[in-house]
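**Student:** To start, I am sharing the structure in question, which I have written as structure tokens.
The values are calculated or read from the model by the stated rules, or taken from the named source; none is laboratory data. Not measured: the values here are computed from a predicted model. No Cβ is skipped: glycine too gets one built from the backbone with ideal geometry, and neighbour counts run over all protein chains shown.
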Amino acid sequence: MVAARAGVSAATVSLVTNGKTAGRVSTENIAKVEQAVAELGYVVDGLGSSLAKGRSNIVILVAPDVSNPFFANVIAGVRQEIGKDFALLLSVTDAGRTPEPADVRRLLALRPAGLLIDAPSARFLAELRATEPTVLLDAAGIASDSPSVNFDIAGGARLLAAHLAEQGHRNVAYLDSTTGTETFRVRREAFAAEAGRLSLGVEEMGATTIDVGTAATEFAGAWPELSARGITAVVCATDTQAYGVLQEARVAGVEIPGSLAVTGFDDLPYSETSNPGLTTVHLPAREMGRLAGRRLLDLMDGGAGLSAGNGGGGESGGALMLESSLVVRGSTLAGP
């Protein structure tokens, strides 16, 4: 029907609708086909195409908690690389819950062209047994044959501990995430190890979902006892949780940073404009998504997934490491 409306062959329609016109279809015929497609409301039969090619034009991103604003930047980076040729499908789970292999296997029936898996555990990868081209994100410490793009999480955590020690803190509390992925274990253990080396005491404050309200509630319940024990800083596993602590501290009349310093991890956009600005560890999320998307494209084209370009990090085998950095703001550093 489209070919008849446009006055061209069915093969020409196929080339246009599949984006394969370069050097093969004239500008005039492309315009005719696109007009006919619009007039008829034609939609390419993706299922038929995937059966013929053995794969669809879908890439699945598996993430532990896409409600976390951090992933907006990761997704933007991925789409920057793959958006022209592939649709990005998110594997979503409840907030604070790590995806299960069964959640993802149901989506594999769509015959995705590739997988991007963020913050996986070794158990998850072993049980998933995916055969599709796969790139891991934020998977430092995970042994896998798949290429990965990682943050220097441990380095950022050490910088944070050193900053608090330099500011004269001696006893701090750590608010963890309930997500339970490897990235949170790495940042918690690296912070504790560096704090110990610097004679900085660390108390566990508990763990919450990555949510402002639950973090605020946790802090409200813990603060009287923490204050009595001489805690002068709260280190949060994410910026989102730190916002909750800042919010509840204001309600309780706790002066930030005079009576209590607060830190986060991720450097979300609001962290620069919060009151006070939040000291945090910057992780280049968009760059991670972009490089992961590029590596996946390379894999899907039959490469080894190593074409990372100028990523600004160190590379070892199939693993690319992106540098983290400390951003010091008013939540830990009083003005002059």
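**Student:** Is segment 191-214 home to any residue that is under 17 Å from ILE153 (Cβ atoms) and not aliphatic (A, V, I, L, M)?
**Tutor:** Yes, because at least one residue in segment 191-214 is under 17 Å from ILE153 (Cβ atoms) and not aliphatic (A, V, I, L, M).
**Student:** Can you say whether GLU203 is farther than 19 Å from VAL281 by Cβ, acidic (Asp, Glu), assigned to a helix (DSSP H, G or I) and in contact (Cβ under 8 Å) with a residue 12 or more places away in the chain, as far as the supplied structure shows?
**Tutor:** When the stated conditions are applied, GLU203 does not pass them.
**Student:** Of the residues VAL62, VAL37, VAL8, VAL43, which is within 25 Å of LEU128 (Cα to Cα) and either more than 22 Å from the chain's Cα centre (by Cα) or modelled with pLDDT of 90 or more (or both)? Talk me through it step by step, then tell me what you get.
**Tutor:** Numbers: VAL37 fails: within 25 Å of LEU128 (Cα to Cα); VAL8 fails: within 25 Å of LEU128 (Cα to Cα); VAL43 fails: within 25 Å of LEU128 (Cα to Cα).
It is VAL62.
**Student:** Do we find that ALA222 is free of Cβ contacts under 8 Å to residues at least 60 places away in the same chain, part of a helix (DSSP H, G or I) and more than 25 Å from the chain's Cα centre (by Cα) in this structure?
**Tutor:** Details: free of Cβ contacts under 8 Å to residues at least 60 places away in the same chain: yes; part of a helix (DSSP H, G or I): yes; more than 25 Å from the chain's Cα centre (by Cα): yes.
Judged against the criteria, ALA222 is a match.
**Student:** While we're on this one: Restricting to segment 273-315, name every residue that is assigned to a strand (DSSP E or B), at pLDDT 95 or above and surrounded by fewer than 19 Cβ atoms within 10 Å (Cβ to Cβ). Quick ask: steps written out before the conclusion?
**Tutor:** Taking segment 273-315 and keeping what is assigned to a strand (DSSP E or B), we get 279-282, 313-315.
From the residues that got through so far, the ones that are at pLDDT 95 or above too are 279-282.
Of everything in segment 273-315, just one residue is assigned to a strand (DSSP E or B), at pLDDT 95 or above and surrounded by fewer than 19 Cβ atoms within 10 Å (Cβ to Cβ), namely HIS282.
**Student:** Taking segment 11-23 as the region of interest, how many residues are loosely packed, with under 13 Cβ neighbours inside 10 Å and under 39 Å from the mean Cα position of the chain (by Cα)? So that I can check it myself, show each step before the final result.
**Tutor:** Our first condition is that a residue be loosely packed, with under 13 Cβ neighbours inside 10 Å; within segment 11-23, this holds for 11, 18-20, 22-23.
Of the ones still in play, those that are also under 39 Å from the mean Cα position of the chain (by Cα) are 18-20, 22-23.
Residues meeting the conditions: 5.
**Student:** I would also like to ask the following. For ALA237, indicate whether it is in the same structural domain as ALA165 (by TED's automatic domain parsing), modelled with pLDDT of 95 or more and under 17 Å from PHE265 (Cβ atoms).
**Tutor:** Working: in the same structural domain as ALA165 (by TED's automatic domain parsing): yes; modelled with pLDDT of 95 or more: yes; under 17 Å from PHE265 (Cβ atoms): yes.
Yes, satisfied.
**Student:** For residues that are farther than 21 Å from MET288 by Cβ, touching a helix residue (DSSP H, G or I) at 6+ places or on another chain (Cβ under 8 Å) and among the hydroxyl-bearing types (Ser, Thr, Tyr), tally how many sit in segment 160-196.
**Tutor:** Of the residues in that region, 1 qualify.
**Student:** Of the residues ALA157, ALA140, only one is part of a helix (DSSP H, G or I), within 30 Å of ARG295 (Cβ to Cβ) and touching a residue at least 24 places away in the same chain (Cβ under 8 Å); which?
**Tutor:** Details: ALA140 fails: part of a helix (DSSP H, G or I).
Exactly one of ALA157, ALA140 is part of a helix (DSSP H, G or I), within 30 Å of ARG295 (Cβ to Cβ) and touching a residue at least 24 places away in the same chain (Cβ under 8 Å), namely ALA157.
**Student:** I've got another one for you. Restricting to segment 102-129, what's the tally of residues that are more than 20 Å from the chain's Cα centre (by Cα), more than 16 Å from LEU90 (Cα to Cα) and part of a loop (DSSP other than H, G, I, E, B)?
**Tutor:** Total meeting the criteria: 1.
**Student:** What tally of residues in segment 143-152 results from selecting those that are farther than 14 Å from ARG187 by Cα and in a loop (DSSP other than H, G, I, E, B)? I'd like the intermediate steps shown before the answer.
**Tutor:** Within segment 143-152, the first condition is being farther than 14 Å from ARG187 by Cα, and the residues that meet it are 143-149.
Adding the requirement that they be in a loop (DSSP other than H, G, I, E, B) leaves 143-147.
Of the residues in segment 143-152, 5 are farther than 14 Å from ARG187 by Cα and in a loop (DSSP other than H, G, I, E, B).
**Student:** So which pairs qualify, if the first residue must be in segment 160-178 and under 14 Å from SER227 (Cα atoms) and among the charged types (D, E, K, R), the second must be modelled with pLDDT of 95 or more and in a strand (DSSP E or B), the Cβ gap must be under 7 Å, and the two must be at least 6 apart or on different chains?
**Tutor:** Correct list of pairs: ARG170/GLY201.
**Student:** Against the definition (surrounded by fewer than 17 Cβ atoms within 10 Å (Cβ to Cβ), among the hydrophobic types (A, V, I, L, M, F, W, C) and either on the phi < 0 side of the Ramachandran plot or in the same structural domain as ILE82 (by TED's automatic domain parsing) (or both)), how does LEU107 come out, yes or no?
**Tutor:** Working: surrounded by fewer than 17 Cβ atoms within 10 Å (Cβ to Cβ): yes; among the hydrophobic types (A, V, I, L, M, F, W, C): yes; either on the phi < 0 side of the Ramachandran plot or in the same structural domain as ILE82 (by TED's automatic domain parsing) (or both): yes.
For LEU107, the condition - surrounded by fewer than 17 Cβ atoms within 10 Å (Cβ to Cβ), among the hydrophobic types (A, V, I, L, M, F, W, C) and either on the phi < 0 side of the Ramachandran plot or in the same structural domain as ILE82 (by TED's automatic domain parsing) (or both) - is met.
**Student:** Would you pick out the residues in segment 167-187 that are among the aliphatic types (A, V, I, L, M) and out of contact with any Cys (no Cβ under 8 Å at 6 or more places or on another chain)? Please lay out each step first, then the result.
**Tutor:** Applying the first criterion (among the aliphatic types (A, V, I, L, M)) to segment 167-187 yields 172-173, 175, 186.
Of everything in segment 167-187, those that are among the aliphatic types (A, V, I, L, M) and out of contact with any Cys (no Cβ under 8 Å at 6 or more places or on another chain) turn out to be VAL172, ALA173, VAL186.
**Student:** Right, something else. In the set ARG170, ARG187, ARG158, which member is surrounded by 23 or more Cβ atoms within 10 Å (Cβ to Cβ) and either acidic (Asp, Glu) or assigned by TED's automatic domain parsing to the domain that holds GLY206 (or both)?
**Tutor:** Numbers: ARG170 fails: surrounded by 23 or more Cβ atoms within 10 Å (Cβ to Cβ); ARG158 fails: surrounded by 23 or more Cβ atoms within 10 Å (Cβ to Cβ).
Answer to the selection: ARG187.
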